[in-house]
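Below: the structure, in C-alpha cells.
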Amino acid sequence: MFYTEWIKKDNLIKLVEVLENDELNASFPRPVFSDELLLLGFDTRFNFPKEDGVPICWAVERKYYYCGDLIATAKTADLYHKPVIAFSETRHRTLKPIDVEKLIRINREELFIIENEALDFIKSIYEKYNKTFDAFASAFSGGKDSQVVLDLVSRALGSKTYYASFTDTGMELPVTLETVQKTKEKYSKKFAGFKMIECHSFESAEEQWRKYGPPSRFSRWCCSVRKSGLFTRTMKDVLKTNRQPRIVVFEGVRADESSRREKYDRVGKGVKHVNLINARPIFYWNNFEIYLYCLEQGVDLNPAYKKGLTRVGCNICPFASSWSESLIGILYPDLVAPYVDVIRNLALGVGLKNEEKIRDYISSGNWKKNAGGKGLNADESRFDIISQKPNLECVLTHPKSDWRVWLSVVGEFLETTNTDGSISGEIKLQSGIKKFKVVYKNDKIIFKFNDIGDKIFESSIIKKALTKTTYCERCGVCEAECPTGALVVRHNKLEVDKKRCVHCYSCINVDTCGCIIAARRKVSEGGIMSRTNNVRTSGVDKYSTFGLRDPWINSFFEEFDDFFIDYAGLGAKQITAVLNWLREAELVDLKVKKQTEFANELKEIYDSRKFLAHQIIWINLCFNSAVVRNYVLNLSPFTTYSLRDVVAMMQNQYPDVSENTLKNPVGALANMFRNSSFGCEADDQEFVRDNLKMGVISKINNETYFTKVGVDTVSPGAILYILYKIAEEENKYEFTVSDFYNNVRMGPKAAFNMSYNAFCNALRSLDNDGFLRAELVAGLDNIHLFEKFYSKGVLKQWWEKHK
C-alpha cells in the first residue's frame, strides 16, 4: 500500500506515500538474518553477530544491501548448485544488526493505517456473510503471509468465530510443521476457544507424484488435490453436515507476489470451489510491510525465512524459484530426494539417457513445463471413443470406478440385465429419454448411447462421466464442487445420493475432460495433421519408439470394430503408437477410433493381395508421416546411414525440435522396418518375399544403420494411386518420368526406389487400361493424368478390373 524509502545512514527502511525517483526506492526489500549470511559464507568477508535470527541487512531479489550500499550479489543457484556470492568492493567490514525498535517506531503511523484497513476489511466481510455462510476460516500454511492473516483475523473477529485451518500437503519443511504446532499452542493460550483444524490426505504426496506425475505449471493438480479439495472435505466433517458447507476463507494472497496474482480480485467468489469465498485482507500489502508487521506484533516468523527462503511451501514445487530449490537442496537434501527421483523417471520417459542432460532437465526446470502425460509410466486404464455419430460408442479399459455412480450425475436412468450378461437401459437427458447398452468383455466395458451424436452438450457430458469412471482415483476434488453434498468421495467410498443430486454437472466439469487426474494421465495420441504450403507442421514424436508392425496391421483388418476394443493385447504406449500410424495410413478416422471408408475398401485388397495393400499403406505413410516422408525424400538409395544421420536430417526440417525428441520417431521407423513388410534386417534381405525393403536395418557396434534398397515389383495399381495422390497434393496433372528421377520429390522413385524402366512398364499397363496417358516413345516421357479421377476412386476402379 506504501512505497519504501531507504534511510541509508541508519540501515533502515521507511514506508512513504510518494515514490522518489530512485531505482532502489522502487523495490520492496526483505530483512536478511544472520542465519542466511552464515549459510552463504558472508562470515568470510564481514564481521556480524552470529546468533540465530538476528536481522543484519536487506535484500532485493538476489542483491544484498547494508546502509543502502550494495555489498554482494548472489548468482547461479539451482537444485544441484549452491549460490555463488560475488562480493562488492565496499567500505563496510563490520555489519551491525538492524535496529528493530527504531524501524518499527519510524513506520508506526503507516503500519497503523494498513493494519486497520485490513482489520476493517475482515470485519466487513464477516458482517456481510455471517448470516448466509456456514463458517469462516483462516487458511494457515506456516508461511509469513498466512501468519499475518491469522493474526489479523484473530484480532478482528476473536477466536470463537472462525477456524484456523492447516492443510498438510505432506511436502512441508520440518520447520514449517514446527511453526504450525508452535502457533497452535501460542494462540490457544492467547485466544480462548482458538480452534485449529488439520487436514490430512489418506495417500502420501510421494505416492500421488508417482501415480500422476510431478505437478507442472500447466497441470497444477497438487493444489486442488492436496489443498483446497482436502480442506472442503475436512470442513464438511468438522461441521457435521451432509451438504457442501458455504465457507468464507481468509487467505494470504498478495498482488505483488506474481503477475498472475495481481489480476485476482480481493474477494474471489467460487474461484477455487463453488461454495467458497476467498477473502484477501493483505492483498495490497508489499513484502516489506509483511515483515514489518511480524516484527511489530511479535509474530513467530517461520525459521525458513531466516535461512534465506523467500517463500515457504512445498519442498519442491513447479512455481518455486531456482533460488528456493538451491537452498532447500542444501538444507534438506533427503526431503527432496524422493520427488527428484520421480522427476528423473519423467526425464527418462521423455527420452533423456545422458546423466548430464537429466540433471540439466531437472535443474533448468524443464520438468515444470510438462503439460500432459508425456514421459509418465503408462496407465493400464484408458478411455476410447469408437464412434460419435449417430450413436456414441465408447470403450473403457480397466475402469477404476463404478460407471453407475458417474452416470447417475448425468441423469436418472433405468437398467435391465439381459440373458447374455449385457445391460440395456434408458437415461433421462435434456433432449428426452435415450437408450443405451453396456457390454462387459474381459477387462473392458463397452457403452453405446443411441442417437445422441448430434447432441453436442449431452454427448460431452456423458463422455466426461465415462472418463471419470475410467480414471477416478478418489482424489476428492469433485466432491468439493458438489453444491448439494450429493457426492461423497473418500479413499474407500464413492457414492452419489440420487435424492440430493440436481444434475448440475459441477463434479464433471472440474476439467475439460471431466477429471483432473484423467487430464494428467491421458496420453496424447496426436491430432489432425496440418499443412502450410505443403509442409507438414504436426508433431513428429507420436509413436514413442514403436513402429507399425505386420501383426498389428493383420489384427486391424481381421477385427475391424473389435480392434478398438481389444487392441490385440497391446500396451498403453503401443496403442498410442499404432493409432497414430493407422491414422497416417488413412485407415483410422482422425476424430474417432473407427476404421475409415477407405479401410473398408482396402480390406478386400488386403484379404487377397497383402503385398499390394502394404504398398498402398506405405504410400499413405509417405504422404502423412513426417518421419517417413523425411526418410524417403532425403536418403539416397543403396547408401548406409546411421540413426544419428537420419536424426540430423530430421533436424534440418524441424530445427526447433531437440535431437533427443527426434530420436524417438527415428527409432520407431527402425522398429517398423524390422517388424513389417516395409523393411527387413540386413541378414534377411535375400530371403524375404513380398517386402518393400525400403529400410534394410543393420547393427554395427551397437549403432543402428539404415539402407534404402527398395524393389521394382510395385503393382501398377500402387503406381496409379501414388500418381493421383501427387496430383491432388499439387493440383497438377501433367508430369514427365524425368520429374520423378531428376528431382528429389515424392513419387515411385522416392517411395519405392523403383527403377526407371520398371516405372515405365507400369505406366504402359495403366495407359492400356485408360487410367492415364503415357507418351514414352521418340524420346518422350510425358504422363497425362485425368482430372476426373481421384486417388482412392481410381484405385477402386483399377482393382475392380484386376482383382
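The values are calculated or read from the model by the stated rules, or taken from the named source; none is laboratory data. Because the structure is a prediction, the values reported are computed rather than measured. FYI the Cβ positions are ideal-geometry reconstructions off the backbone, even for glycines, and counts take in every protein chain you see. Side chains are part of the model used for accessible areas, which takes the heavy atoms of the whole protein and leaves out ligands, DNA and RNA. Shrake-Rupley method; radii C 1.70, N 1.55, O 1.52, S 1.80 Å.
When all protein chains stay in place, what accessible area (Å², nearest 10, 1.4 Å probe) is found for M650?
0
Sorted by accessible area (1.4 Å probe), largest first, how do E117, E495 line up?
From most accessible down to least: E495, E117.
Any chance you could check the Cα centroid distance between segment 290-309 and segment 181-257 for me, in angstrom?
22
Roughly what would the spin-label model give for H200 and D10, points 7 Å off Cα along C-beta, in nm?
Result for the modelled spin labels: 4.9 nm.
So with the 1.4 Å probe, I'd like the accessible area per residue for segment 311-363, rounded to whole Å².
Result: 43 Å² per residue.
Going 7 Å from the Cα of R500 toward and past its Cβ, which residues in segment 405-443 have a backbone nitrogen under 20 Å from where you end up?
From segment 405-443, the list is 405-413.
Which distance in Å, rounded to a whole number, links the C-alpha centroids of segment 458-505 and segment 566-644?
The two parts, judged by their Cα centres, are 39 Å apart.
How many percent of DSSP beta bridges within the chain run antiparallel, rounded to 5?
In the chain, approximately 80 percent of DSSP beta bridges are antiparallel ones.
In Å and whole numbers, how far do the C-alpha atoms of segment 59-111 stretch along each principal axis, longest first?
Cα extents, longest axis first: 44, 28, 14 Å.
In nm, to one decimal, how far is the D341 label point from the A648 one, both placed 7 Å along Cα→Cβ?
In this crude label model, D341 to A648 measures out at 4.0 nm.
Could you give the distance between the Cα centres of segment 55-100 and segment 319-367, to the whole Å?
About 27 Å separates the Cα centre of segment 55-100 from the one of segment 319-367.
In whole Hz, what ³J(HN,Hα) sequence does segment 629-644 give by Karplus (6.51, -1.76, 1.60; θ = phi - 60°), x for Gly and Pro?
4, 4, 5, 6, 8, 10, 8, 6, x, 6, 10, 8, 10, 7, 4, 5
Around L548, which amide H atoms from residues at least 5 apart in sequence, or from another chain, sit under 5 Å from its own amide H, with H modelled in the peptide plane?
It is M672, by chain and number.
Just by accessible area at a 1.4 angstrom probe, what is the order of L230, L643 from largest to smallest?
L643, L230
At 1.4 Å probe size, with no ligands or nucleic acids counted, give the accessible surface of R773 in Å², nearest ten.
110
Translational D (Stokes-Einstein, µm²/s) of segment 565-635 at 10 °C and 1.306 mPa s when Rh comes from the Kirkwood sum over C-alpha pairs?
In µm²/s, the coefficient rounds to 122.
Quick one: 3J(HN,Hα) in Hz for segment 500-511, Karplus 6.51/-1.76/1.60 with θ = phi - 60°, rounded, Gly and Pro as x.
Listing the rounded values in order: 8, 5, 10, 6, 8, 6, 4, 6, 9, 10, 5, 8 Hz.
Just to confirm, what accessible area per residue do you get for segment 650-803 at 1.4 Å probe, in whole Å²?
Using a 1.4 Å probe on heavy atoms only, each residue of segment 650-803 averages 46 Å².
Treat each spin label as a single point 7 Å out from the Cα along the C-beta direction, and report the S608 to L19 distance in nm.
With each label point 7 Å from Cα toward Cβ, the separation is 8.1 nm.
Would you work out if segment 115-231 is rounded, prolate or oblate? Take a ≥ b ≥ c from the square roots of the eigenvalues of the alpha-carbon gyration tensor; rounded if a/c is under 1.5, else prolate when a/b is larger than b/c, oblate otherwise.
prolate
Where does each of D550, D145 land when they are ordered by accessible area, with a 1.4 Å probe and the largest first?
Order by accessible area, largest first: D550, D145.
Can you tell me how much longer the chain between D300 and H491 gets when fully stretched, taken as 0.36 nm per residue apart minus their C-alpha distance, in nm with one decimal?
My answer for the length gained is 65.2 nm.
Calculate how large, on average over all directions, the projected area of the Cα convex hull of the chain is; give the answer in nm² to one decimal.
Quarter of the Cα hull surface area: 43.2 nm².
Return, for the Cα atoms of segment 175-280, the radius of gyration and Dmax in Å, separated by a comma.
When restricted to Cα atoms, segment 175-280 yields Rg and Dmax of 15.9, 43 Å.
Suppose R0 equals 30 Å; then what is the FRET efficiency for K63 and D334 from their Cβ-Cβ distance, rounded to the nearest 0.05?
Step by step, r from the Cβ atoms, then E = 0.45.
So which trypsin sites (Lys or Arg not before Pro) in segment 350-439 pass both tests, a DSSP loop state and at most 13 other Cβ atoms within 10 Å of the Cβ?
K353
Probe 1.4 Å, all protein chains in place: accessible area of S506 in Å², nearest 10?
Result for S506: roughly 30 Å² accessible.
Report the GluC sites (Glu not before Pro) located in segment 1-106 that are in a DSSP loop and have at most 15 other Cβ atoms inside 10 Å of their Cβ, or state none.
When the GluC sites (Glu not before Pro) of segment 1-106 are filtered for loop state and at most 15 Cβ neighbours within 10 Å, E17, E20, E23, E51, E61, E89 remain.
Give me the extension gain from T713 to D451: residue separation times 0.36 nm, minus the current Cα-Cα distance, reported in nm with one decimal.
Using 0.36 nm per residue and subtracting the Cα-Cα distance, I get 89.5 nm.
Rounded to the nearest 0.05, what FRET efficiency do I104 and T416 give with R0 = 60 Å and r taken as the Cβ-Cβ distance? Could you check?
Computed FRET efficiency for I104 and T416 comes out at 0.20.
Determine the gain in length on full extension of the stretch D43-F87; use 0.36 nm per residue of separation and subtract their C-alpha separation, reporting nm with one decimal.
14.7 nm
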